[in-house]
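Colleague: Could you have a look at this structure, given as structure tokens, before my questions?
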Amino acid sequence: MAEHSAVRALVDSIGQGFVEFEPPSRRTSADGPLDWPGYADQRARASGRSDTDESVLCGRAGLGEWEAVLIAFDFAFLGGSVGEDTGARIVAAFEHAREQRLPVISLIASGGSRMQEGIRALQQLQAITSACQLARQDRISHVAVLRDPTTGGMWAAMGAAADVVLAAPGARISFGGARVRSAGEDGEDFRAEGKFADGQVDRVVEEADLPGVLTELVSLLHPARLTRPPEPAPLPAALGAERLPGTGIQAVERARAADRPRAGSYLDAYFSARFEISGDRAGGRDEGMICGFGDHGGRTVAFAAQSGARNSPAGFRTAARLIRLADQLGIAVLTLVDTPGAANDAESERGGVGPAIAEVFGAVADARVPVTTLVIGEGGSGGALALAAPENTWVTADAYFAVIAPESAAAILKRAPSEVPELAEHLRLRPQDLLELGFARGIAR
């Protein structure tokens with residue numbers, strides 16, 4: 001009783017007034033589909049240690065002024081493993097979420113598919129994946145919390161498939177559990193902190209902070225809050241210089257000035273609250289690409305903001321992930337452009353910087369939601385253009401945009417460094433030039 005009470009206590013700490021769903025009719029006999037020796041007794045002992053007859057607890061609860069569907073795994077019940085009846089309850093919970101237009105929060109602690117039910121248990125990964133996809137198609141957001149441990153199928157089919165992935169500090173997270181991995185393989189790569197460093201987890205959250213973080217996410221991503229079709233994100237006010245630069249080289253120097261307002265300042269001024277996602281889900285993070293969702297005047301706006309550095313493949317893939325997720329949920333996007341260009345070192349080439357930039361171009365082109373762009377600093381070639389919305393790009397007075405930096409143009413043309421200012425004029429990269437040439441829609445004030 002005590003072990004499962006801990007799971008109920010977790011649910012109660014996260015949401016108010018938790019109401020458990022009526023479980024679907026049982027699909028598996030006590031002995032299971034394989035007639036596994038002793039399985040009925042194992043289930044009976046697991047039930048005796050808890051106040052439920054399965055490894056998941058599903059229901060709805062209030063989080064702040066909104067409600068959400070909660071799916072909580074009980075590791076004390078056969079290691080939080082998933083069998084036929086477990087899968088049926090999870091699928092039914094996602095169906096409730098779709099019917100009631102509620103976001104889903106899954107609190108995962110599982111060793112994977114239930115060995116005693118064999119292939120019938122393994123098939124639940126397909127059923128759960130299908131339920132997650134149907135919810136995604138209906139614009140129902142899914143937030144996963146990876147608890148200790150999260151391994152096997154529930155990491156692959158449910159945790160990693162969520163829109164936002166949180167993790168408990170130190171939680172063991174891996175596809176292969178410790179007992180089936182090669183001897184000696186362990187460490188941070190198999191823990192929450194390692195998954196965060198590798199871009200597979202958005203944030204590591206202390207248990208005491210979890211209710212507040214989840215309440216914030218539910219508020220930002222609740223279907224009832226997201227109007228369709230969304231209006232374009234309002235243009236941020238310019239925070240830097242008011243006067244336009246007189247020359248091209250002056251525009252470049254202004255954009256490169258150390259005291260110019262950067263993305264963080266713009267995001268702080270624009271949003272009353274925001275949640276950042278982190279990582280490309282493919283092994284990388286880039287702190288120079290800030291992505292997430294925020295509250296602007298009572299509405300949710302997604303953002304992808306360059307912070308002045310050269311972005312890596314992981315940064316571009318994270319931006320593409322953010323734009324695709326916003327499009328899926330029906331959230332308008334704001335992009336802030338500020339980069340001298342994409343990273344061009346050997347590591348970035350090996351990491352696929354070209355294909356990663358192509359992902360962003362494609363995500364912007366495919367987006368059904370409006371994308372608004374403000375160039376707040378350097379607009380360096382394709383690495384900057386990838387985030388720019390065609391026909392809805394604005395520019396500040398202390399920014400520039402160019403096909404190539406004037407110094408690089410001088411190198412290509414074999415011109416002396418003293419001729420860089422002249423080339424800056426020829427490139428017509430000033431804000432007023434960009435407006436006259438039809439690239440910028442206007443100059444932000």
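Colleague: In what sequence do Ile404, Ile331 fall when counting other Cβ within 10 Å, fewest first?
Modeller: Ile404, Ile331
Colleague: Once amide H atoms are built 1.01 Å from N in the peptide plane, which residues 5 or more positions from Thr372, or in another chain, come under 5 Å H to H?
Modeller: Ala233, Val333, Leu334, Thr335
Colleague: What share of all Cα pairs of the stretch 348-445, in percent, falls into each consecutive 5 Å distance bin?
Modeller: P(r) over the stretch 348-445, rounded to whole percents: 2, 13, 20, 20, 17, 15, 9, 3, 1, 0.
Colleague: Charges at C-beta only: +1 for Lys and Arg, -1 for Asp and Glu. How large is the resulting dipole of the chain about its Cα centre, in Debye rounded to 20?
Modeller: So the dipole magnitude of the chain works out to roughly 620 debye.
Colleague: Continuing with the same structure: Tell me what the chain gives for mean residue ellipticity at 222 nm when only DSSP H runs of n ≥ 4 count, each as -39,500 (n - 2.57), the sum divided by the residue total, rounded to 500 deg cm²/dmol.
Modeller: -10000 deg cm²/dmol
Colleague: Next question, about the same structure. Can you divide the C-alpha Rg of the chain by 2.2 N^0.38 Å and report the result to two decimal places?
Modeller: Values: Rg = 25.0 Å, N = 445, 2.2 N^0.38 = 22.3 Å.
With N residues counted in the chain, Rg over 2.2 N^0.38 Å equals 1.12.
Colleague: Once the Cα atoms of helix 210-221 and of the chain are each reduced to a long axis, what angle between those two axes, in degrees from 0 to 90 to the nearest 10, is obtained?
Modeller: 60 degrees
Colleague: Would you please calculate the Kirkwood hydrodynamic radius of the stretch 2-223 over all C-alpha pairs and express it in Å, rounded to one decimal?
Modeller: On the way: mean 1/r = 0.0576 Å⁻¹.
Result for the stretch 2-223 stands at 17.4 Å.
Colleague: Something else now. Using the number of other C-beta atoms within 10 angstrom as an exposure proxy, rank Val420, Val165, Val252 with the fewest first. Each step should come with its number before you reach the end.
Modeller: Numbers: Val420 19, Val165 29, Val252 25.
Ascending Cβ contact count within 10 Å gives the list Val420, Val252, Val165.
Colleague: With an 8 Å cut-off on Cα pairs and a minimum separation of 6 or more residues, tell me the relative contact order of the chain in percent.
Modeller: After rounding, I find 11 percent.
Colleague: Sticking with this structure for a sec: Can you work out the Karplus-derived ³J(HN,Hα) for every residue in the stretch 87-93? Use 6.51 cos²θ - 1.76 cosθ + 1.60 with θ = phi - 60°, whole Hz, and x for glycine or proline.
Modeller: Those phi angles translate into x, 4, 5, 5, 4, 4, 5 Hz.
Colleague: Take Tyr39, Tyr266, Tyr400 and order them by how many other Cβ atoms sit within 10 Å, fewest up front.
Modeller: Final ranking by Cβ density, sparse to dense: Tyr39, Tyr266, Tyr400.
Colleague: What nm value, rounded to one decimal, do you get for the distance between Ser13 and Arg243 when each label is placed 7 Å out toward the C-beta?
Modeller: Between Ser13 and Arg243, the label points sit 5.8 nm apart.
Colleague: Let me understand the stretch 227-443 better: what is its radius of gyration from the alpha carbons, and its Dmax, in angstrom?
Modeller: In order Rg, Dmax, the Cα atoms of the stretch 227-443 give 16.7, 55 Å.
Colleague: Mind pulling the angle between the C-alpha long axis of helix 39-48 and the longest principal axis of the chain? Nearest 10 degrees, somewhere in 0 to 90.
Modeller: 80 degrees
Colleague: Roughly what % antiparallel, to the nearest 5, for the DSSP beta bridges in the chain?
Modeller: 40 percent
Every read-out reported here was derived from the displayed coordinates using simple, explicitly stated rules and does not represent laboratory data. In this text the structure is predicted, and so the values were computed from the model without any measurement. Glycine gets a Cβ as well: all are built from the backbone with ideal geometry, and neighbour counts include every protein chain shown.
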